[in-house]
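In what follows, a single structure is set out as structure tokens and then discussed.
The values are calculated or read from the model by the stated rules, or taken from the named source; none is laboratory data. These figures come from a predicted structure and were not determined experimentally. Here the Cβ is made from the backbone with ideal geometry for all residues, glycine too, and neighbour counts use every protein chain on show.
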Amino acid sequence: MPHESEIYLDHAATAPLDPRVLDAMMPYLTGTFGNPSSFHSAGRSAKEAVDDARDSIARVLECRATEIVFTAGGTEANNLAILGAYRSYREKGNHLITDAVEHHAVLHPIEHLVKKEGAAATMLKVDRLGMVHPDAVEGAITEGTVLVSVMYANNEIGTVMPVSEIGARIAAWKAAHGRKPTDPPFFHVDACQAAGALPLGVKAIGCDLMSVNGSKIYGPKQVGFLYVRSGMRLEPLLYGGGQEGGMRSGTENVAGIVGLRKALTLAHEERERENARLIALRDRLIAGLLAIPKTRLNGHPTARLPNNVNVSFLDIEGEAMILHLDEAGIRASTGSACTSASLDPSHVIIATGLPYEAAHGSLRVTMGRATTDSDVDRLLTALPPVIATLRKLSPVKLDMKHYV
């Protein structure tokens, strides 16, 4: 049975639909249901809604409306960026660069290209804080590099990557090697976790491709977009009616696109105020959790998402901790929701140099618009006895000196 008072602290997995977003979507779920490709008035009304959404999103990214391609979420956007760029520029080279803490929606397409389509990939290491360094990116670029893909902010440990500096390094490499901006290597940024928390101006970041989805910013699920810089070509994943400039065939999800537009606009307008509120909650929660013995913060202490807290408790098993919290009405996670069915430890935390045992005892808390001081208090009250109980049952007794 549901707990009488539930606390949702898993916004990195998905956020609830904002009522204001639902209000914006409703006319397109019922009355204005036309196909945007149709020439009659119902179709034109739907097309106008899609065009307006594209214009609004472009203003947030400070780009052209024609550079926004709507997709069915962040995973599709990442796949279109990686597979589409590689296949379109295969004659220029076969080398891809990414890092060890990327989401599987980036890692798996690259693995596919290596195994099945002749690609070569460089997997960059991160430091103990989960940061990939621009020097490493620049040093990995070769004459045959087609694409560099680095996430804006990590979905598990919250570390914010130096994407603007990476973008500048790639641009400088191009200039030094006589490459045009429309030549590879291209720079893809997965901004699914960053949207709503960090600025998305693509020129300031210096990226050619950027992925964003709706479900992380209080919008609908299964809708997102890919920014594609003008002059760049992508081989589509889907063929059909040629929608989205030929890059993504299929009748547009008009209600979802309208909801995405509203969600991104609200997140952009409220970002600074909400960030300040969340950072205060985040830092208080981190301090409270680190007061528990044998606990370590994962990710960068300051260059991290405003709502993200990720800690490892030594000598416990994370899934058991999550179940205890769930019984208390507190919804959190051990890592990415996309891999929650696996008992393997987080590849992200392992990549920072922590051992298997520490990764298995991790807790990810991601707060949101409804999170309050009392929610933080309740977690800090509920968690210590859970940790104490699990440690009594655990046969593992690790030494903290190896994990600081």
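Among the residues of the range 194-220, those that are more than 17 Å from VAL69 (Cβ to Cβ), part of a loop (DSSP other than H, G, I, E, B) and hydrophobic (A, V, I, L, M, F, W, C) comprise ALA194, ALA197, LEU198.
For every residue, the table says whether it meets (1) among the charged types (D, E, K, R); (2) assigned by TED's automatic domain parsing to the domain that holds VAL126; (3) under 30 Å from GLU67 (Cα atoms); (4) touching a strand residue (DSSP E or B) at 6+ places or on another chain (Cβ under 6 Å).
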site	(1), (2), (3), (4)
GLY246	no, yes, yes, no
VAL254	no, yes, yes, no
GLU274	yes, no, yes, no
ASN298	no, no, no, yes
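Restricting the range 299-310 to residues that are surrounded by 21 or more Cβ atoms within 10 Å (Cβ to Cβ) and of a type in the set (A, V, I, L, M, F, W, C) leaves a set whose member that is nearest to ARG271 (Cα to Cα) is LEU305.
Mind telling me which of the residues MET123, MET161 ends up being outside the structural domain of THR334 (by TED's automatic domain parsing), within 30 Å of PRO301 (Cβ to Cβ) and touching a Gly at 6+ places or on another chain (Cβ under 9 Å)?
Working: MET123 fails: touching a Gly at 6+ places or on another chain (Cβ under 9 Å).
So the residue among MET123, MET161 that is outside the structural domain of THR334 (by TED's automatic domain parsing), within 30 Å of PRO301 (Cβ to Cβ) and touching a Gly at 6+ places or on another chain (Cβ under 9 Å) is MET161.
Mind checking which residues of the range 347-358 are under 15 Å from LEU129 (Cβ atoms) and in contact (Cβ under 8 Å) with a residue 24 or more places away in the chain? Reasoning before the result, please.
First, pick out the residues of the range 347-358 that are under 15 Å from LEU129 (Cβ atoms): 348-354, 358.
Within the range 347-358, VAL348, ILE349, ALA351, THR352, GLY353, LEU354, ALA358 qualify.
Residues that are crowded, with 22+ Cβ neighbours inside 10 Å, touching a residue at least 12 places away in the same chain (Cβ under 8 Å), out of contact with any Leu (no Cβ under 7 Å at 6 or more places or on another chain) and not in a helix (DSSP H, G or I) occur at least once in the range 363-374. Inside the range 258-312, residues that are outside any helix (DSSP H, G or I), out of contact with any Ser or Thr (no Cβ under 7 Å at 6 or more places or on another chain) and aliphatic (A, V, I, L, M) make up a count of 5.
Among the residues that make up the range 9-23, is at least one of them surrounded by 14 or more Cβ atoms within 10 Å (Cβ to Cβ), among the acidic types (Asp, Glu), at negative phi and not in a loop (DSSP other than H, G, I, E, B)? Yes - at least one qualifying residue is present in the range 9-23. On the stretch given as the range 210-269, residues that are without any contact (Cβ under 8 Å) to a residue 40 or more places away in the chain and within 20 Å of LEU200 (Cβ to Cβ) total 1.
Okay, residues lined up against (1) modelled with pLDDT under 95; (2) outside any helix (DSSP H, G or I); (3) within 20 Å of ASN275 (Cβ to Cβ):
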| site | (1), (2), (3) |
| --- | --- |
| GLU156 | no, yes, yes |
| SER164 | no, no, yes |
| ALA175 | no, no, no |
| ARG179 | no, yes, no |
| CYS192 | no, yes, yes |
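Per this entry, ASN275 is counted among residues that are surrounded by fewer than 18 Cβ atoms within 10 Å (Cβ to Cβ) and either within 26 Å of GLU6 (Cβ to Cβ) or out of contact with any Leu (no Cβ under 9 Å at 6 or more places or on another chain) (or both).
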